[in-house]
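One structure is given here, and the rest of the page talks about it.
The values are calculated or read from the model by the stated rules, or taken from the named source; none is laboratory data. From a predicted model like this one, the values you see are computed outputs, not experimental measurements. These area figures cover heavy atoms from the full protein model, side chains too; ligands, DNA and RNA do not enter into them. Shrake-Rupley method; radii C 1.70, N 1.55, O 1.52, S 1.80 Å.
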Amino acid sequence: GFVVRLFDAQGAATQVRVATERLRGTCPRTGAQLEDAPDAGGGGGCGGSGDGAGATETVTKKGNYGYAVDYSDKATIIYNFYSIARAAGAVTEAEAEAAAWEQAGGGV
């Protein structure tokens, strides 16, 4: 896993550790938990090989969108900011769904 620093509307920071299994079982677009996530007793989760999550190797910022997470099983998944915050438990389901709708062009 890795540690994320999240800021609220007032600028106060909170650091939260996101477990690899939790992030790997998260949809990279919406942040929703996937049914076949490793921590749900299913397959490999989001783009996984079916035999577990693999350890987090590197995390790289990708523009203004999010972060690419490279796993030890050679998978690379790009998560948007909201999906990472949701996996960390800092964003509610309603906030994440509104953000995904807006990113998909729903507000235009």
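If you go through the range 3-23 and keep only what is charged (D, E, K, R) and in a strand (DSSP E or B), you end up with 5, 17. The set of residues in the range 1-28 being among the charged types (D, E, K, R) and open to solvent by less than 50 Å² (accessible area, probe 1.4 Å) consists of 24 alone.
Table: residues versus (1) open to solvent by less than 40 Å² (accessible area, probe 1.4 Å); (2) modelled with pLDDT of 90 or more; (3) aromatic (Phe, Trp, Tyr).
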site	(1), (2), (3)
30	yes, no, no
37	yes, no, no
43	yes, no, no
51	no, no, no
58	no, yes, no
62	no, yes, no
